[in-house]
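First the structure, in the form of structure tokens, and then the observations on it.
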């Protein structure tokens, strides 16, 4: 089973525009364990989508030390893929095992 981390920050509008991409990720990897890293203000919304198995809060307003500890925890998770949803069309997949990078349109194929 693949373990995937999806990273999404931004305003509510950015979040809504990313829903199709998130749905596509779940459809592409139906049997994978998919985690989402997002801001606290969006966790309730994302928990209702059923796209993610786990939601990880990334509160950038925390002290640098706390953010560093959170980063260390993420590194220990040993994700197979990291998908960074910045702003369309800057959507990329980083495969940590093969060291390959794909854009979102490659993911849909």
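Quick notes on this structure:
- The residues in the stretch 74-95 that are more than 15 Å from residue 33 (Cα to Cα), at pLDDT 55 or above and part of a loop (DSSP other than H, G, I, E, B) can be counted, and the count is 2.
- When the test is whether a residue is modelled with pLDDT of 90 or more, surrounded by 15 or more Cβ atoms within 10 Å (Cβ to Cβ) and assigned to a strand (DSSP E or B), residue 55 passes it.
- Only residues that are assigned to a loop (DSSP other than H, G, I, E, B), in contact (Cβ under 8 Å) with a residue 60 or more places away in the chain and buried (at least 16 other Cβ atoms within 10 Å of the Cβ) were counted in the stretch 1-43, giving 3.
The values are calculated or read from the model by the stated rules, or taken from the named source; none is laboratory data. Everything numeric here is computed off the predicted structure, so don't read it as measured data. Using ideal geometry, Cβ is built from the backbone for each residue, glycine included, and neighbour counts are taken over all protein chains shown.
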